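Worksheet: the structure to be examined is printed underneath.
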Amino acid sequence: MTLLASSSPAVCPGCIAAPKDAVPTTLPDARLIVSLPTIHCQACIAKIEIALNQYPGITNARVNLTQKRALIDAAPEVKASELVSLLEAEGFEAHELDPGVLNDTATHAAGRDLLMRLAVAGFASMNVMLLSVAVWSGATDVTRDLFHWISAAIAVPAIAFSAQPFFRNAWVALRVGRLNMDVPITLAILLAVATSLWETMLSGHHAYFDAALTLTFFLLAGRWLDARARSAARSAAEELTALEVPRAFRVEAGEPVEVSVANLKVGDLILVRPGGRAPVDGVVAHGRSEVDRSMLTGETRPEVYSVGHEISAGEVNLTGPLTLRATAVGQDTSLQRMAALVAIAESGRSRYTSLADRAAKLYAPGVHILSALAFLGWLIWSGDLRVALNIAAAVLIITCPCALGLAVPAVTTAASGRLFGRGLLIKKATALERLAEVDTVVFDKTGTLTTGKPRVSNWEELTSLQRSVAYALAKNSSHPLSRAVARKAASCGCQPARLTGIVEKPGFGSQAVSDGKIVRLGRPDWIGAHPKGDEVCATVDAGDGAIVNLVFEDDERLGAPEVISTLKDLGIHVVLLSGDRMSAVSKFAKQLKVEEWHAAMLPSAKAQFVDALRGRGRRVLMVGDGLNDTAALTTAHVSISPAQALDAARAASDMVLLGQDLSPVVEAILVARQATKRIKENFRIATIYNIIAVPLAVAGLATPLIAAVAMSMSSVTVSLNALRVRGRG
Amino acid sequence: MNVLAFLIPISLILGGLGLVGFLYTLRARQYEDLEGDSRRILTKTWDDHPKP
């Protein structure tokens, strides 16, 4: 996915001014979605809805506070960028979302379906439980039979409807000759209903209708929690993708026209404004500018591009406008080709078996064998098929993985809820378990440990005249290095010099006149300086005869030093891998006290390095953002990428860091370890319940009352234990 | 025990009404924005007459 807007979601895509005569992009149902990350109360809702509903062309606008979005039905001529500026004028941060990417209706429908089945199972189980209480407290003869028949009339249709997800999954597993958790569940439910019906017909004492229904209810609750957590994560991940509305400016008859990237063709002339990302692969046809390739290579030093240079999709244009002639579009761009390679590497991930699956692998055959043995034993010993079948059903019901079905989803829901609150989005279901095993963390440098924003490191070496001239020249430019100079100067309380006739020369620098002398700030080779070393430099000529080089270094990301020192305290090995130059990486590694670092790494070298670590039995967490990291992200045991990363990198990683701060990474590892501990505890609790209850069941002493108590107790204990993850800290 | 003939159907019907009510709210998508709806009741915009 390429985009025109800047990579950072903090910069609003709507701010790129659209030309007045732009052809509106046609949206199928003219449905616009705007993300509103800062809304939090009823006053915000009211203010936004009033503002939107009064806007001409809007038929209906509704705010969803849970998702922090506004859904707008509008006439086709209303453009999202207008609405974004409207809402920003009202004082709300707003971003346009691409409605094509947001298809959470499917996940919502699945959640609603489960909730409906859960409601039916809950209704039926409560009614049957009431009837069962009467039987347990001593109803006899005709009354008991009547109650059993009524229970059957409620239970059979309710189970037929609400237990369908289990039946379907069990059938899918059995058809390919495998066992999963749903096979014993289905068998237990069906056997319980069948024997209970048989018992009812023969006016027997024990019927397990309530147990079968309660079982269904608890298990559905686990499934629903799971579905809800996953759909929340998916919708948040989709929102990140949807923020990058794929638009481009195509030059038609000399005028730039805003079009969707999907409509671009090879040979089109495309304008990339400063700050914009190249939407396609192409050759520069007009203009000269500096281009930031760090997303693709990790290299922080911008390169100068002029007519004839090839530019790849994803590279960011920094200074002057560039016009490209497209050579590859859509799926053929180098960006997409690299993303496709990642999808192939992805299949390696499936080697990990989740804790729940491992438990099921031990558990499912064990239960079946135990139940079959009880059945055979009783059949041989008593010769009574009815007794034997009843005992087998009791064993299956009591051992049924009610607690197991809740153990994992309850813990992961609590843990991912807590981490989401701290700004970490868990995309893959088993990511937490894998994160808990991590013993090595590999960081990318550019854009991950650093913000990708330069910082002036030798400001003190300048004279006050040079400082003020540099500030004045930098203030008027949007080049990242100029902005860094302006930031530094402003923070030092420096006053800008009074200059006249400021001209910016794209790809070179800025020039002005001060007291009749020409002053310049720009590339060293333009001004005639020869910087030593290969650091990122700009040169100031303040007209006083001495030219001086400004040296820039990458600003470290918030929380980076703390994260690295805490990780080391936890006994985790930290490695720094970068595609950047040797000198930049070594300086940065020294600054953050990282002992092992490797510079000038190619994307494949990064992946090989991670693979080698894995070969030595290390569990690697890879944290990276660039396209050059995607292969390594997929190779690693578990991976995290910041929200500012390219779509391909985010798609390859298991978790996404939503804020600017890096510190949730440490917390994620701690929470993941705690969550895994709780999951294992839950399995142990469930096993203890089984150890107590199974002998009773095999001995034929289990009544439906004991089954109901054992099941509810274990489910409730397991859920409460899971909730402990949410609290504390 | 004849009272059972009334009580059981009544309890089932009442429970069923609750279930039908829940399924209606589910189908009417009233659970899409729980946080927003809990806040909306605090505004005075539609206090005097319902939203047209």
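Okay, here's what the table says:
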quantity	calculated
Residue A:143 accessible area, 1.4 Å probe, all protein chains in place, Å² to nearest 10	40
Label-point separation in nm, residue A:582 to residue A:194, each point 7 Å along Cα→Cβ	7.4
Which of A:550, A:514, A:446, positive extreme of dipole for the range A:433-550 (C-beta unit charges)	A:514
For the protein assembly as shown, calculated [θ]222 nm from helices alone, where every DSSP H run of n ≥ 4 adds -39500 (n - 2.57)	-16500 deg cm²/dmol
Sequence of A:141, A:515, A:611 from largest to smallest accessible area, 1.4 Å probe	A:515, A:141, A:611
Reach of residue B:51 by Cα under 16 Å, taken over aspartates and glutamates that are not fewer than 8 positions away in the same chain	A:49, B:37
Between the range A:508-560 and the range A:210-269, the alpha-carbon center distance in angstrom	43
Compactness of the protein assembly as shown - radius of gyration and Dmax, Cα, Å	32.4, 115
Percent RCO, i.e. relative contact order, over the range A:448-522, from Cα pairs under 8 Å lying at least 6 residues apart	27
Label-to-label distance, nm, for residues given as residue A:156 and residue A:55 (7 Å Cα→Cβ offset)	5.8
Chain A - percent of accessible surface contributed by carbon and sulfur, probe 1.4 Å	60
Under-5 Å amide H pairs with residue A:450, H placed in peptide plane, nonlocal only	A:557
q = 0.13 Å⁻¹: log10 I(q)/I(0) that the Debye formula gives for the range A:529-666, counting C-alpha atoms only	-0.63
Between helix B:4-27 and chain B: long-axis angle, C-alpha atoms, 0 to 90°, nearest 10	20
Relative contact order of chain A, pairs being alpha-carbon contacts under 8 Å that are 6 or more residues apart, as %	14
Theoretical FRET efficiency, 1/(1+(r/R0)^6), r = Cβ-Cβ of residue A:573 and residue A:720, R0 30 Å, to 0.05	0.25
Extended-chain gain in nm, criterion 0.36 nm per residue less alpha-carbon gap, residue A:692 and residue A:307	130.7 nm
R0 of 25 Å, Cβ-Cβ distance residue A:525-residue A:257: FRET efficiency to nearest 0.05	0.10
Estimated FRET transfer efficiency (residue B:35, residue A:130; beta-carbon r; R0 41 Å; 0.05)	0.75
Within 10 Å of each Cβ in B:34-47, the average number of Cβ atoms from other chains	4
Dipole of chain A, positive end: most advanced residue of A:185, A:414, A:159 [Cβ charges, Cα centre]	A:185
Length gained when the stretch residue A:684-residue A:565 is fully extended (0.36 nm per residue, less Cα-Cα span)	39.4 nm
Inter-chain Cβ neighbour average for residues B:20-30, partner chain, 10 Å	2
Pairwise burial A:B, computed as accessible area of each alone minus the pair, summed, 1.4 Å, Å²	2200
Ranked packing of A:662-668, A:490-496, A:650-656, most packed first, by mean Cβ within 10 Å	A:650-656, A:662-668, A:490-496
Contact order normalised by residue count of the range A:228-270, Cα under 8 Å, 6+ apart, percent	31
Segment residue A:712-residue A:137, extension gain: residue separation times 0.36 nm, minus the distance between their alpha carbons	205.1 nm
Leading residue at positive end of dipole, the range A:216-309 (Cβ point charges), from A:249, A:221, A:307	A:221
Chain A - charge dipole about Cα centre, Lys and Arg +1 at Cβ, Asp and Glu -1, debye rounded to 20	1360
For the range A:164-184 versus the range A:679-729, the gap between their alpha-carbon centres in whole angstrom	23
Spread of Cα-to-Cα distances over 10 Å intervals beginning at zero, given as percent, for the range A:422-542	12, 36, 22, 10, 12, 7, 1
Whole-Å distance, taken between Cα centres, linking the range A:286-329 and the range A:355-396	68
Unsatisfied cross-links (Cα-Cα over 21 Å) in the set A:445/A:590; A:79/A:427; A:428/A:677; A:445/A:677	A:79/A:427; A:445/A:677
Per-residue average of Cβ from other chains inside 10 Å of A:470-480	0
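The values are calculated or read from the model by the stated rules, or taken from the named source; none is laboratory data. Here the structure is a predicted model, which means the values were calculated and not measured. Here Cβ is always computed from backbone atoms with ideal geometry, including for glycine, and neighbour counts include all displayed protein chains. We work out accessible area using only protein heavy atoms, side chains counted, and drop any ligands, DNA or RNA first. Shrake-Rupley method; radii C 1.70, N 1.55, O 1.52, S 1.80 Å.
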